[in-house]
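*Asks:* Quick one: structure below, then a few questions.
The values are calculated or read from the model by the stated rules, or taken from the named source; none is laboratory data. Only a predicted model underlies this, so the values are computations on that prediction, with no experimental measurement involved. Every residue, glycine among them, receives a Cβ derived from its backbone with ideal geometry; neighbour counts consider all protein chains shown.
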Amino acid sequence: MTIATEIKVQQVMQTNLVTVTPKTSIYEAATLMDEENVGTVLVVGEQKKLLGMVTDRQIVTRVIAHKRDLGTTTVDEIMTKWPMTIFPESTCKEALDIMGDYRYRRLPVEKDGELAGIISISDLAPVVEFDDECISDMVRELSDDVRYK
């Protein structure tokens with residue numbers, strides 16, 4: 001048994017969510033990311049239903065690198081649609097496993113079909129700080145990422 005198998009996602013997730021609507025411009029989303037000091041905005045529809053997410057990396061690779069207009073390109077054009085989510089009751093080990101298997105750095109957290117938070121690899125770092133098995137898994141999964149070879 002490791003620390004990460006005992007601690008639940010809800011204990012370390014972020015609940016101060018930064019959200020935008022699908023037709024928010026990339027410029028507005030990037031400005032909001034800067035103001036809130038976050039690397040991801042969650043895209044929500046009616047009743048705050050999660051539709052997607054946009055990361056700072058996606059803005060660089062899908063908009064800036066292709067010289068698309070920041071003011072007219074909207075988040076729904078580049079977002080990850082219907083991202084994988086995790087439950088607050090899930091363990092941190094389960095979150096790490098999903099992140100490693102799918103190369104995700106962040107996972108939205110949903111409870112009863114509603115957005116409840118977001119958890120990132122940096123939120124999980126303190127949980128695995130003294131857990132050699134989890135650290136080993138994290139390093140192996142990150143080093144398997146072909147982008148870094």
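*Asks:* Scanning the range 64-123 for residues that are in a strand (DSSP E or B), charged (D, E, K, R) and out of contact with any helix residue (DSSP H, G or I) (no Cβ under 9 Å at 6 or more places or on another chain), which turns out surrounded by the most Cβ atoms within 10 Å (Cβ to Cβ)?
*Replies:* GLU110
*Asks:* May I ask you to list the residues in the range 20-38 that are under 26 Å from ALA125 (Cα atoms), in contact (Cβ under 8 Å) with a residue 12 or more places away in the chain and surrounded by fewer than 16 Cβ atoms within 10 Å (Cβ to Cβ)? It would help to see each step written out before you state the result.
*Replies:* At the first step, the residues of the range 20-38 found to be under 26 Å from ALA125 (Cα atoms) are 30, 32-38.
Then keep just the ones that are in contact (Cβ under 8 Å) with a residue 12 or more places away in the chain; that gives 30, 32-33, 36, 38.
Those that are under 26 Å from ALA125 (Cα atoms), in contact (Cβ under 8 Å) with a residue 12 or more places away in the chain and surrounded by fewer than 16 Cβ atoms within 10 Å (Cβ to Cβ): LEU32, GLU36.
*Asks:* Shifting gears a bit: Determine which single condition ASP137 fails, assuming it passes every other condition in (1) over 15 Å from ILE7 (Cα atoms); (2) of a type in the set (Asp, Glu); (3) more than 15 Å from the chain's Cα centre (by Cα); (4) at pLDDT 90 or above.
*Replies:* (4)
*Asks:* Can ILE78 be described as without any contact (Cβ under 8 Å) to a residue 60 or more places away in the chain, farther than 23 Å from ILE121 by Cα and of a type outside the set (Gly, Ala, Ser)?
*Replies:* So ILE78 fails the test.
*Asks:* For the range 48-63, check the following and say yes or no: at least one residue is part of a loop (DSSP other than H, G, I, E, B) and at pLDDT 95 or above.
*Replies:* Within the range 48-63, the first condition is being part of a loop (DSSP other than H, G, I, E, B), and the residues that meet it are 49, 63.
Retained after the next criterion (residues that are at pLDDT 95 or above): 63.
Yes, the conditions are met somewhere in the range 48-63.
*Asks:* Which of the following residues is touching a residue at least 40 places away in the same chain (Cβ under 8 Å), under 16 Å from LEU115 (Cα atoms), under 18 Å from the mean Cα position of the chain (by Cα) and surrounded by 15 or more Cβ atoms within 10 Å (Cβ to Cβ): LEU42, LEU51? I'd like the intermediate steps shown before the answer.
*Replies:* On the way: LEU51 fails: touching a residue at least 40 places away in the same chain (Cβ under 8 Å).
Testing whether each residue is touching a residue at least 40 places away in the same chain (Cβ under 8 Å), under 16 Å from LEU115 (Cα atoms), under 18 Å from the mean Cα position of the chain (by Cα) and surrounded by 15 or more Cβ atoms within 10 Å (Cβ to Cβ) leaves just LEU42.
*Asks:* Please work out which residue is modelled with the lowest pLDDT, limiting yourself to the range 124-134 and to residues that are surrounded by fewer than 18 Cβ atoms within 10 Å (Cβ to Cβ) and outside any helix (DSSP H, G or I).
*Replies:* Initial filter on the range 124-134 (surrounded by fewer than 18 Cβ atoms within 10 Å (Cβ to Cβ)): 125-126, 129-130, 132-133.
Next cut, outside any helix (DSSP H, G or I) only: 129-130.
Values: GLU129: 63, PHE130: 58.
Looking at residues that are surrounded by fewer than 18 Cβ atoms within 10 Å (Cβ to Cβ) and outside any helix (DSSP H, G or I), I get PHE130.
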